Structures are given as structure tokens and as C-alpha cells.
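Accompanying notes for the structure given below.
The numbers here are math on the coordinates, done by the rules we state, and not lab data. Bear in mind the structure is a predicted one, so any value in this text is a computation, not a measurement. Ideal geometry is used to build each Cβ from the backbone, glycine not excepted, and the neighbour counts take in all protein chains shown.
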Amino acid sequence: MQYRRYSLVNDLNQQWWGHVIFFIVVFLIGLCAPMITRADSSIHWKDRFTTAEQQKLRAWSSEVITHVEKLVGPLPFKFHINIYRQDGASEPVPWANTRRGHKLGVDFYVDPAYPLDAFRNDWTAAHEFSHLILPYLGARHAWFAEGFASFMQYQVMESMSVLSKHEKGHRYTRSLDTARRNFAYPARPFVKTITRLRRDGKYSVMYWGSAVYFLQINDYLLRSQGSGLIDVLKDYVDCCRRSYGGLYELIDELDSVANYKIFSRHLNKFKSANGFPEYRHLDLAV
Ligand SMILES: [Zn+2]
């Protein structure tokens, strides 16, 4: 074989380089290990996918989970990702939902023909995995859960370097401006219009109007304390995520980790303010 013709020095150099490459590979595997393990242990292929498709979808979901946990810390439970096939879709992830209860996790319907980059640029996984940060709050408080996941999705995409800070601000503004334009009840408190918004199928108006609650709190925390909502969430996940109370227990827990009753006080204000929640004074790129 070709390398037999090399001198002893070349052989030693080769061995030395072999060791260096080996340690680099081990180091890289070490870096990737938590991300691979997390997704590998929990993905369920509900339809037939080729090996290459599985690799792509595993890389996508692993990356998103890794960045959710990079922001808020490790989620203290195992979750199951069900992946279904939907060929010929007009987007990489045409439908997804978060499952609660015994088999906690997310169902994704995907068109695997899309390249990895298209999956990375899609907000669905960032949104769905972010739902897992909070406990299930019931249908009555769905606005709170959806507002939260909508707030989180661009934070996660920024962490993934899919969005720059500036692009994140732009995406928030675009989503909020569209929702505000489509909000038809300026004389009513926003939270009191949720049932009508759902009845009218105006889900994105409901999602983004509710996201303003979190954007306002994030802005307030950053200006008053120098650290934002993500830091509060990190402490919350660490101390309290295992508990399964409803919305008001969650608000109490968030108030207590923030060391200030910002969540409860702001919730009262948010619920009574008329019209689409105000966001135009906020710096959405923070
Ligand atoms: Zn959602």
C-alpha cells in the first residue's frame, strides 16, 4: 500500500497527526454528544424515512432542542418527538403540535424533500419545543402559552444564528404589525377578545398580541435589572418546572424567581388594557 513507501519520520509524523486528529474527533463528538443523545433517545419515526432523511431531521430537531436548552437550561424530563411524513407540502413543516400528559413531546408533520437549511429557517420547531418550557395551562389560558412560544421562537432562532439580533427585531415587528392591523376590537381588552379571535380563526393575531406580554416584561427586566426574561426562565426551569400547577401557580413561581411581582402585576395591567397590546415603544432587537 502507498504509505509503506514513506520513511520512518513520515510514519512517526503520520502517527502524531493520527493522534491529533483522533483527539479532535473525540473532542467534537464530546461537544455534540448531548445534542445527539437527546434527540436519538426520543425520536419516533411514524412513517418510512430514508437514512439520509432521518439524519437531516435528527440534525434539525437536535439543533433546535440544544438551543432551547442553551437558553433556559436542561428541561428536567424526557420527551418524545413523533415525525410523520407529508410529501408535496408547501413548507418544510406544514403542521406540528405539542403533546402533553404521559408521552410528553411534539408531533411534527414534515416534507423531507426540503433541505436542512429550510428546516433551520422554519420557526415551527423553535415554537413547539419552547412550549415544553412551561407546564400545560389548559385551554382557557392558551393565549398565555401561545404568546410565550411566539416570544421564544425568535429568541431560539437567534441562538441558532439563523437570525441576527437585527433580523429578530425585524421579524417581531413584522409579525406584530400584521397582527395589529388584523385586530378588529380596539375598544375591548385584548385578553377578552381571545374567544372571538379563535372563533374567527385569527390565530396569529391571538399569538402575537399575547406575545407582547412577554416582550413588555423582557424589556422592563432588561432596563431595570440588566438581565431579561430568559434569565428568569433559566431559574424557573431549574427550580420549578417539575411542578404542574395552573397559570396562577406559574405566575407565583415566576414572580418568586424574578424576586419581584412583575409577572402578576403586569398580568393585571395587560388583561385590563384596551386594544391591541402596545409594543411600538419596545426595542425588539434585545
Ligand atoms: Zn403554539
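Nearest 5 is fine: what % of DSSP beta bridges in the chain come out antiparallel, could you say?
On the way: 6 of 16 bridges.
If we restrict to bridges inside the chain, about 40 percent are antiparallel.
Considering only Ala118, Ala179, Ala142, give the residue with the highest GNM mean-square fluctuation for the chain, with springs between Cα atoms whenever their separation is below 10 Å.
Ala118
FRET efficiency for Tyr220 and Ser90, Cβ-Cβ distance as r, R0 = 25 Å, nearest 0.05?
Details: r = 39 Å, r/R0 = 1.55.
My answer for the efficiency is 0.05.
What are the principal axis extents of the Cα atoms in the chain, in Å, biggest first?
The Cα atoms of the chain stretch 85, 46, 38 Å along the principal axes, largest first.
What does the charge count around Ala258 come to, taking other residues whose C-beta lies under 13 Å from its C-beta (Lys +1, Arg +1, Asp -1, Glu -1)?
On the way: positive: Lys234, Lys261, Arg265; negative: Asp231, Asp235, Asp252, Glu253, Asp255.
Spelling it out: positives minus negatives among the neighbours equals -2.
Quickly rank 129-138, 42-51, 183-192 as a protection proxy: mean count of other C-beta atoms within 10 Å, highest first. If you can, show how the numbers build up before the last one.
On the way: 129-138: 20.4, 42-51: 13.3, 183-192: 15.0.
So the order, starting with the most tightly packed, is 129-138, 183-192, 42-51.
Within segment 265-286, name every residue whose backbone N is under 13 Å away from a label modeled 7 Å from Cα of Arg196 along the Cβ vector.
Only 274-276 pass the distance filter.
Can you give the FRET efficiency to the nearest 0.05 for Arg140 and Arg188, using r as the Cβ-Cβ distance and R₀ = 22 Å? Kindly include the intermediate steps, with their values, before the conclusion.
On the way: r = 18 Å, r/R0 = 0.80.
Efficiency, from the Cβ-Cβ distance: 0.80.
In deg cm²/dmol and to the nearest 500, what is the mean residue ellipticity at 222 nm of the chain if only DSSP H runs of at least 4 residues count, each as -39500 (n - 2.57), divided by the residue total? Don't skip to the answer; put the middle values down first.
On the way: 11 runs with 167 residues, N = 286.
Estimated from H runs of four or more residues: -19000 deg cm²/dmol.
Only Cα pairs within less than 10 Å get springs; with that Gaussian network setup on the chain, which residue of Ala149, Ala113, Ala59 has the largest fluctuation?
Maximum among the listed residues: Ala113.
About the Cα centre of the chain, what is the dipole size in debye to 20, counting +1 per Lys and Arg Cβ and -1 per Asp and Glu Cβ, all else neutral? Present the calculation step by step, with values, prior to reporting the outcome.
Numbers: 36 positive and 28 negative charges, 142 e Å.
Dipole size: approximately 680 debye.
Using a Gaussian network model of the chain with C-alpha springs under 10 Å, which one of Trp95, Trp143, Trp60 is most mobile by mean-square fluctuation?
Residue with maximal mean-square fluctuation among Trp95, Trp143, Trp60: Trp95.
Just how far, in whole angstrom, is segment 218-254 from segment 86-128 if you go by their alpha carbon centroids?
27 Å
Hey, what angle do you get for helix 165-181 against the long axis of the chain, alpha-carbon based, 0 to 90 degrees rounded to 10?
40 degrees
I'd like the FRET efficiency for Thr50 and Arg242, computed as 1/(1 + (r/R0)^6) with the beta carbon distance as r and R0 of 30 Å, rounded to 0.05. Intermediate results must be reported in sequence, preceding the final value.
On the way: r = 38 Å, r/R0 = 1.27.
Result of the calculation: an efficiency of 0.20.
About the Cα centre of segment 139-272, what is the dipole size in debye to 20, counting +1 per Lys and Arg Cβ and -1 per Asp and Glu Cβ, all else neutral?
With only Lys, Arg, Asp and Glu charged at Cβ, the dipole is about 700 debye.
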